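A quick write-up on the structure given underneath.
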Amino acid sequence: LVRSAKNRLSMEAFILDENGKKFENKINIFFPWPVFVKYIIQYFLNFYLLFKLLRKIRRKKFEICIAEPAFNAVLALILKKIGRCQFTVYMNGDVVIGSKAFKRTHYLPQNFLNKFLDNLLIKFQYFLRWLAYKNDLLWYPTKKIKIWDNQHGYFAKREIMASAVAVDFEM
């Protein structure tokens with residue numbers, strides 16, 4: 001989990017072992033750098049924390065790895081490639097913002113340099129999504145996401161459609 005905070009880099013990660021024991025890592029440091037740098041750093045920290053936490057549990061191989069968002073689905077592919085899991089699932093829970101859909105920046109404050117950097121971030125997210133589609137199975141929680149992906153050239157070789165989270169208003 002990455003938390004948005006001014007002048008801070010705040011992340012929380014945990015893993016449960018097969019006995020339910022929780023191993024946590026929390027990062028909360030002063031970080032006065034621009035938001036763009038924070039976005040890039042979070043990718044490296046996600047990679048680092050994944051392998052740091054996996055080392056803390058006894059189990060070394062898994063049958064299934066389910067990952068969301070796209071970056072984590074790429075990490076799932078890496079785990080499969082190195083033999084840590086047998087089958088990977090990308091739970092595709094969101095769409096990527098269109099770089100040409102906005103005249104303004106999406107992630108960064110508006111100016112010429114930030115528009116360029118913002119577009120790079122968006123293109124990187126498209127690249128991550130393309131890689132995430134290499135997982136064994138795509139799990140769509142809604143038909144809207146599948147339609148958006150198909151309209152943007154993403155087609156799953158194997159897929160399921162199933163709600164991921166549901167709120168029961170009757171309770």
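The values are calculated or read from the model by the stated rules, or taken from the named source; none is laboratory data. Note that the structure is a prediction, hence the values are computed from the model and not measured. Note: ideal-geometry Cβ built from the backbone for every residue, glycine included; neighbour counts use all protein chains shown. Each accessible area value is taken on the protein alone, full model and side chains, heavy atoms only, with ligands, DNA and RNA left out. Shrake-Rupley method; radii C 1.70, N 1.55, O 1.52, S 1.80 Å.
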> Top to bottom by accessible area (1.4 Å), largest first, where do 118, 94, 17 land?
Replying inline: 94, 17, 118
> With charges only on Cβ, +1 for K and R and -1 for D and E, what is the dipole size of the range 1-51 about its Cα centre, in debye, rounded to 20?
Replying inline: 300 debye
> List the aspartates and glutamates whose alpha-carbon lies under 18 Å from that of residue 61, not counting same-chain residues fewer than 8 positions away?
Replying inline: 17, 18, 136
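Taking 8 Å as the Cα distance limit and 6 or more residues as the minimum spacing, I'd like the relative contact order of the chain as a percentage.
Details: 233 pairs, mean separation 27.4, N = 171.
Reported as a whole number, the value is 16 percent.
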>> Report, in listed order, any pair from 22/144; 26/157; 123/157 with a Cα-Cα distance greater than 27 Å.
In response: 22/144; 26/157
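Under a 1.4 Å probe, what is the accessible area of the range 12-154 per residue, stated in Å²?
62 Å²
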> Which value in deg cm²/dmol, rounded to the nearest 500, describes the helix-derived mean residue ellipticity at 222 nm for the chain, given -39,500 (n - 2.57) per DSSP H run of n ≥ 4 and division by the residue count?
Replying inline: -12500 deg cm²/dmol
